[in-house]
């Protein structure tokens, strides 16, 4: 199972995560987020990260042209988006309330819990909804994933997990011990 740590805001946290074996690192370009970073800041971090670690930009309000610009400028591998976008390698995110979407976009997808704010809430959705989902082989599960419930997620046989708040010391600053422990359990 692949692991994505999202809401990265500084080089030290990213390098620790990479050293511990993370597969994807995410940068939030949503100005209302406590984990917001500028394109320039993300680019300055990304240039220090090995090519085999996938870099993801999280876009909420940007139009297609701005997303294309940021992907190119920051040298991102994926754009995580909350609507369909053309001509870009995406991770299409869906906010889950009580049911799954009727159809899913092509490529990688992500299910996160529906909360008032977008991302990093630490709130789970009903994981039982995924049991019979036909696209688990390209699905990231987000929203409240932590050491407390990761075994349940592993049992679902999904593509990956996406963590934010459960590996933080506080919003925007990762906790080295929590990152290491989580990757040891999942990859160990």
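Bear in mind that the values in this text are calculations on the coordinates, not laboratory data. The structure presented is a predicted model; accordingly, all values stated were derived computationally and were not measured. For neighbour counting, all protein chains shown are included, and Cβ atoms are generated from backbone atoms with ideal geometry for every residue, glycine included.
For segment 2-187, averaging the sequence separation of C-alpha pairs within contact (under 8 Å, six or more residues apart) and dividing by the residue count gives a relative contact order of 21 percent. The helix-only estimate of mean residue ellipticity at 222 nm for the chain, built from DSSP H runs of length n ≥ 4 each weighted as -39500 (n - 2.57), is -7000 deg cm²/dmol after division by the residue total. Suppose the Debye formula is applied to equal point scatterers at every Cα of segment 90-188; what is log10 I(q)/I(0) at q = 0.14 Å⁻¹? Listed by q, the Debye log ratios stand at -0.51.
A compact globular protein would have a Cα radius of gyration near 2.2 N^0.38 Å; the ratio found for segment 2-187 is 0.94. Label-to-label distance, residue 134 versus residue 69, with points set 7 angstrom from Cα along the beta-carbon direction: 3.9 nm. Note on residue 38 and residue 169: the extension gain reaches 45.0 nm, defined as 0.36 nm multiplied by sequence separation minus the Cα-Cα distance.
With each label modelled as a point 7 angstrom along the Cα→C-beta vector, the residue 103-residue 53 pair spans 3.7 nm.
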